[in-house]
Structures are given as C-alpha cells and as structure tokens.
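Each reported figure results from applying straightforward, stated rules to the coordinates on display, with no laboratory input. In this text the structure is predicted, and so the values were computed from the model without any measurement. Ideal geometry is used to build each Cβ from the backbone, glycine not excepted, and the neighbour counts take in all protein chains shown.
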C-alpha cells in the first residue's frame, strides 16, 4: 500500500472527484446484489409452481431497472475515477517537463535522453494506472466483495458463506509473496526499457555517422543484444505476473466445490431452498471480479510504486544554477567583466580554467582562440550560467551575473554553438524560434545578415522549406548561418559565436563578419574560433592553452609577438592557398 501513501498528496487534492467515484462504486455494488436475489425467488416460484405471469413481469421489470441503475452508476464511477487518473498523469507530465526545462548541464550529463524519455512515458503511465485502475481495484475489491459477502450471509446462509470463503486467505498470502518479487522485477524491467530506449534514440540520431563508418551490422547486433536482455528481464516479470490468475482461479474453484457440496446438503435437508442455492452461486460468481481485482491490485501497485520512485528520483534532483527570487529584472547592458581565478568541471580533478581576466566594453569584439580543449567553450558556458561553481566573479553591466533573474539575463545573450539544434519545422519557424512574434520582414532581415537569404531564395518553397529532423536536409554551413540568424533576431546585447563559422567558406565568413560589424556597432560580441581569420578584426584576442591565457592583444600585436598565434595564422593561410578556398557548402 506504500504507493497509495506516496500519492496521498494527490488524493487529498482531488478528494471530491474520488469521493464521487467511490459513491458510484458503492451504489453499483448495492444494486448488483438485487438481480441474484430476484432470480433465486423466481427459481423458487417456478419450483413451487407459485409463479404467475404478473409476478414474472414484476421480477423481470425489477431486473431491468437494476440493470439500468448499474449503467448509470458505472458511468458515474468510471467518469470520476478515470478523470482523476488522467489529471494525475497530466500533472506529473507537466511537472516533469517543467523540471527538465530548469535543470542544468550537469543533470543532462548524468541522465541520458532515452532514459529521460522512458521516465516520461512508461513510468508515468504506470503511475497513472495506480490512480485509475489501482483505485478501482482497491475500492471495488472491498466494496463489491464486502457487499456481496454481507448479502450471502444475510440473505442466504452464514454457515454456507463461511465455508465458501475459507480458501480466500490463501490468496492474500500468495499476493503478498508475489507482490514483493514483482516490485523488484518491474524496477529492473523499467531500467532495461530505459537502456533500450536510449539505444534506439542514439542510433536513430546518429544514423548518418553509423552509415558513413559502415557500422550498420554491428549496431544492429548491439541492438538485438539489448532487446534479448530486455526480453529476458521481462520474462521474469511475466512469469511472476502470470502466477496471479491461476491462484485466483484455484481459490474460486475450491469455493465452488465447497458451495456445491455443502449447498447440496443444505437443500436436501431443507436448510435453504434451491432458489437460495442459485442466488448463492450467483453471488459467488460476483466474487470472481473482487478476487481478480486483488491480484491485479498487487501487480498495479508494485509496478506503480517502482515507476513513481524512478520519477521522484528525477524530480528530487536539484539544479546547481540558482535563479534568485528577487533577482534583477533589468536587461543587462554595458561592460562584461570576466575575472575567474579557477573553475573545475564536476568530477574532474584538473582545473579547466585558471586566471581568466578581461573587460569587454559595450560595442567591442573579443576573439578567443587556442587548441582543441584549451577552454574556449568553457569560458562561454560560465557566461551562459551553465555552471555557477567557480572561484571569481563575472559581471555584466556592473552587476554579478548571478544577481540577475535568468528570464532577464539569458534573453540578452545570443549564443550560437558550432552544432546548433534545429527543429523539425520550416526555415521561417526555426529562425523566429527565439521571437515567435517576429514578422516575415524581420526574419528575412536576420537571414540577410547571416548571408543566408540568397540560398533561401533559390529553394522552391523558400522560407517554408522543411529542414527535416535536426536540419538534416541542410548543409553544415546553412545550419550555422540559420542559427546565427536566429540569434541576431533577438538583437542581443551580447552575441557569442562559439566556433559558429567553422562550416562556411572564407568568402561567406568575411561577408558575415562584415555584416556583424556594421549591425552591432553598439553591441558586444565574443567570437571563439579555430580558424583565426574569424577573429582578425576583434578589438582584443585571447590565446588559451590548458585553460590559461598565454597570449593576448590585437591581431597585429600577436603577429608581431611571433608566438603560437603567429605560427598558426601563417599555417592556416598556407593551407587556404593550397586548397584554393574550396567551400564546404
């Protein structure tokens, strides 16, 4: 019963709905005891040759009225209980999705996408069944079983009733024994489903890489192996689950045997009439559902209990990014001051950033370059508040960025990573995602600034062209430019390009940078890049190595210093000349 205790907060919230449902179940159970009694009287009337046409019509009318009454009361409880269950599912789905929206990067590094999807589908469905079928099984087993037992004892014979229910305690023992094992087995089953779901999601998302490397057979074999393991785990659940119905059937069969043997003796000795025996057997048949409900209840509760624990484990996770209740509601503007003494990624022993200091005034452009893994993207992540645990302070507009409300701070930043996510919609909707109210003219202007409007004009459907899942129908350069257009559409105070020009050719890069310089004369820009031509025009360039600034200055100053920057720039220029400036688009 622990799952009912865990859901007590919801039952208190929806007590009126469930009260209506339980009243409906009570009325249904009371009305249900009428037809068997009437049928027994009819049998006695026929056997005693006292049945008349008038009495038969009255009895049949009463049975019909009872059937209509049950129709109405069943509609009453079904509508109430299933509505309550659907509301719980809606509540938990919204709560879980909202929780996903506020969790930080560390959370998504720990939980994989397929696992989260399994929690949001299978687990929530199992919890919903507790609030629907579980309540029905629990209440109906008590109400229908209780009223039927009372009718058997009060209307027929209490001695016959006691004999008939002797096998029932065995069912409780079996249910308790199997219920504990089903709880553990179903927890393993849900975990296996999460792993399988995650494997399918990863394989579909990475299908281009799998095909490019010729790993289709190996991936299919790995998937088949996971399917086999999942089926093996589910077979144990099914074996335990399948033991309930035979146990119930055995209990009911023993009750029928006892009823027929003792009931027959009672009839022959005139203790009860043959009509009473017919009524009693009808009541005993009505006990089949409550008995099955008991078995199903243990199954439903254990499945729901395991799933609820998995969902609550997610909901109990806390984000490390604290959005202050009384945070600054103003849009940040002005100088970005970055002074971080040290930052370590969670569960990482080494320092990712050390002694990073710069002041970027409004209207200026900062370039950040360095080897792969030097810490360029890490600097951006701290500005974007993906991590808040660092030694130092970052200010924007004279205030620490942690003092801003996230809803005021983040919309002032336009961030374009190297691999931007595009939605399975058309070009127009993807560009205006950050500003759903943007007009066609504003979207086209943003596309022009990212040097994308010409290519869109050549497409048969123009801005209505579907980009496919994650922009699969577009080239890498087109996806990057579309992401830049999306960022420019919000006219951000700070624009961050995190290697966002890596997939475009040199000519397109120069065009985009020229547009940005003209467009963002009074706005701040940070450009992180591997290709040094992207940062040549920056007001200051930082060269990183192992999370530290090893060189800084303008392009001319760094070239004159004859360090890593000068050597890498000359090397890239030579490579460009050899390749002849071939475009990736």
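Converting the Cα gyration tensor eigenvalues of the range 2-315 into ellipsoid dimensions via √(5λ) gives semi-axes, longest first, of 50, 22, 16 Å. Take the Cα radius of gyration of the range 58-177 and divide it by 2.2 N^0.38 Å, N being the number of residues; the result is 1.66. Note on the chain: percent of Cα-Cα distances in each 10 Å bin, starting at 0 and stopping at the bin with the largest distance, equals 3, 12, 17, 17, 14, 11, 9, 7, 5, 3, 1, 0, 0. The alpha carbon convex hull volume per residue for the range 273-412 rounds to 194 Å³.
The equivalent ellipsoid of the range 457-585 has semi-axes of 29, 19, 13 Å, largest first, where each one is the square root of 5 times an eigenvalue of the Cα gyration tensor. Measure nothing fancy, just the Cα-based angle from helix 168-205's long axis to the longest principal axis of the chain, in degrees from 0 to 90, nearest 10. Roughly 30 degrees between the two axes. Per-residue ellipticity at 222 nm, computed for the chain from helices alone with -39500 (n - 2.57) per DSSP H run of at least four residues, works out to -19500 deg cm²/dmol.
Can you tell me the 0 to 90 degree angle between the C-alpha axis of helix 15-32 and the longest principal axis of the chain, rounded to 10? Result, in degrees: 30.
Bridge orientation summary for the chain: considering DSSP beta bridges with both residues in this region, about 50 percent are antiparallel.
Rounded to the nearest 10 degrees, the inclination of helix 506-519 to the longest alpha-carbon principal axis of the chain is 90 degrees. Note on the range 1-89: Cα Rg divided by 2.2 N^0.38 Å, N the number of residues, gives 1.58.
Built from the Cα atoms of the range 378-475, the convex hull projects on average onto 7.9 nm², one quarter of its surface area. The three principal axes of the C-alpha atoms in the range 297-358 carry coordinate ranges of 63, 36, 13 Å, sorted with the longest axis first. Using C-alpha pairs below 8 Å separated by at least 6 residues, the relative contact order for the range 2-315 is 33 percent. When each of the peptides 476-483, 88-95, 538-545 is scored by how many other beta carbons lie within 10 Å of its residues on average, the order from highest to lowest is 476-483, 538-545, 88-95. Normalising the average separation of contacting C-alpha pairs (under 8 angstrom, six or more residues apart) by the number of residues puts the relative contact order of the range 204-314 at 25 percent. Rounded to the nearest Å, what's the spacing between the alpha carbon centres of the range 220-273 and the range 388-453? Just the number, please. Here the answer is 60 Å between Cα centres. Computed over the chain, relative contact order equals 14 percent, with contacts defined as Cα pairs under 8 Å that lie 6+ residues apart. Structural size metrics of the range 336-579, computed from C-alpha coordinates, are Rg and Dmax of 18.2, 53 Å.
Across 5 Å bins from the origin, how do the percents of Cα pairs in the range 270-329 run, short distances first? Values per bin, smallest distances first: 4, 13, 9, 10, 8, 9, 7, 7, 6, 5, 5, 4, 4, 3, 2, 2, 1, 0.
What is the Cα centroid distance between the range 274-307 and the range 65-119, reported in whole angstrom? Cα centroid to Cα centroid, the span is 26 Å.
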